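The values are calculated or read from the model by the stated rules, or taken from the named source; none is laboratory data. As the structure is a computational prediction, the values presented were derived from the model and not from experiment. Reconstructed Cβ throughout: ideal geometry from the backbone, glycine too, with neighbour counts over all protein chains shown. These accessible areas exclude ligands, DNA and RNA; they are computed on the full protein's heavy atoms, side chains included. Shrake-Rupley method; radii C 1.70, N 1.55, O 1.52, S 1.80 Å.
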Amino acid sequence: MAGKQLSRDLCFPDNNLAGILYGELNKNLHSLEQSIGVQIHVRGNGIHLIGLDHEVDLAANLLEQFYGLLSKGFKIYSSDFAFGQRVLEATPNCRLDKIFLDKVYITAQNRIISPKTQNQKTYIDSIRNNDIVFGIGPAGTGKTYLAVAMAVSALNSGQVRSIILTRPAVEAGEKLGFLPGDLAQKVNPYLRPLYDALSDMLGAEKSASFIEQGIIEIAPLAFMRGRTLSDAFIILDEAQNTTREQMKMFLTRIGFDSLAVITGDVTQVDLPRAEQSGLLQAKKFLQGIDGISFCNFSKQDVVRHPLVQKIIGAYEKNSGSKNIRPRLSAAPRSQTR
């Protein structure tokens, strides 16, 4: 992007907050220099920015907003600068405090879980305001993790009496029959990511206790058949691997005072090629129904290692389509509060 050279001075009155903003040995500032391209010179509790006009504008906006977050008690991690930069690159007028200060849950390790992108914020608001929410997008966008955080928060507040986490046990290049043990033992590895998320939220001991008491249930999708799931927060993960019949079965299990979140990545369908994904069919059939929201994520929402975003982009570019195995199409829709 072409532009003219510009310089700007910023001043941060609180020396302690300025030190946190800069990071140890100015690590955060060095990261911004590399990611944005601007030059940053530290002058006590102030800094001098030099670069192209759009670079200086972005860096100044980012630093000033994060200083404001620090002044409100927000604990900044180095990765937050990358998330904030993506948001402001897409929407320069966005207020980061509206996203980052939305506390979803505080983990057993006292770590605050909050949205890191605008789409994650929309997703959280949709869960708060709808009975059924679909989160659709690539791996690493926080779809399942945020849903589990919302479920634990709802359980702790008394909004629901139980949490039910389920996944279809679909073979992804591996055969269940060759795995040792009975059916429950065979499918348990498929449910491991859900156990990991719960352990992170509640701690291993409390998570195990809730599972033992039946307050939290983690089971393969096949175990949902014939049940009515009331007064529960229900999460169907990896929904792209449900058949049309399985998706209909799951959606019709939902009882009174229940919430359901369905997550999936339509680029990672492991069903036989002759089988249509229930997630894509639901996306076509259920658009526009009050109480049902569809939230769509992109590679810009990836909150894993920075290389994950580039990997997803490379696969999209070389697949010839953003959906490697398109079944049905529908216009994306998301709802906000």
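If you go through segment 111-122 one residue at a time, do you hit one that is over 23 Å from Ser199 (Cα atoms), more than 17 Å from the chain's Cα centre (by Cα) and hydroxyl-bearing (Ser, Thr, Tyr)?
no
Please list, ordered by first then second residue, the pairs with beta carbon atoms under 6 Å, 6 or more apart or interchain, first in segment 287-312 and closer than 12 Å to Ile132 by Cβ and open to solvent by less than 30 Å² (accessible area, probe 1.4 Å), second among the small types (Gly, Ala, Ser) and at pLDDT below 90.
Cys295/Ser334
Got a sec? Which of Ala222, Ala314, Ala274 is hydrophobic (A, V, I, L, M, F, W, C), out of contact with any Lys or Arg (no Cβ under 8 Å at 6 or more places or on another chain) and part of a loop (DSSP other than H, G, I, E, B)?
Ala274
Which of the residues spanning segment 241-277 are surrounded by 24 or more Cβ atoms within 10 Å (Cβ to Cβ), of a type outside the set (Gly, Ala, Ser) and closer than 16 Å to Lys143 by Cα?
Asn241, Val261, Ile262, Thr263
Could you figure out which of (1) at pLDDT below 95; (2) crowded, with 16+ Cβ neighbours inside 10 Å isn't true of Leu146?
Condition (1) is where Leu146 drops out.
Which condition from (1) under 28 Å from Val308 (Cα atoms); (2) touching a Lys or Arg at 6+ places or on another chain (Cβ under 9 Å) is the one that Leu88 breaks?
With respect to (1) under 28 Å from Val308 (Cα atoms); (2) touching a Lys or Arg at 6+ places or on another chain (Cβ under 9 Å), Leu88 is out only on (2).
Does segment 81-96 hold any residues that are open to solvent by less than 30 Å² (accessible area, probe 1.4 Å) and either closer than 18 Å to Met201 by Cα or not small (Gly, Ala, Ser) (or both), and which are they?
Scanning segment 81-96 gives Phe81, Phe83, Gln85, Val87, Leu88, Cys94, Leu96.
Pick from segment 114-130 the residues that are over 15 Å from Ile235 (Cβ atoms) and in contact with a strand residue (DSSP E or B) (Cβ under 7 Å, 6 or more places away or on another chain): which of them is most open to solvent (accessible area, probe 1.4 Å)?
Among residues in segment 114-130 that are over 15 Å from Ile235 (Cβ atoms) and in contact with a strand residue (DSSP E or B) (Cβ under 7 Å, 6 or more places away or on another chain), the one most open to solvent (accessible area, probe 1.4 Å) is Asn119.
Being open to solvent by 80 Å² or more (accessible area, probe 1.4 Å) and under 17 Å from Ser153 (Cα atoms) is the filter; apply it to segment 189-214 and report the residue that is modelled with the lowest pLDDT.
Per the stated criteria, the residue is Asp196.
Among (1) closer than 20 Å to Tyr123 by Cβ; (2) open to solvent by 10 Å² or more (accessible area, probe 1.4 Å); (3) of a type outside the set (Gly, Ala, Ser), there is one condition Leu236 misses while meeting the rest; what is its number?
Going through (1) closer than 20 Å to Tyr123 by Cβ; (2) open to solvent by 10 Å² or more (accessible area, probe 1.4 Å); (3) of a type outside the set (Gly, Ala, Ser) one by one, Leu236 breaks only (2).
Among the aromatic types (Phe, Trp, Tyr), under 17 Å from Ala239 (Cβ atoms) and touching a helix residue (DSSP H, G or I) at 6+ places or on another chain (Cβ under 6 Å): is that true of Tyr145 in this structure?
In short, yes.
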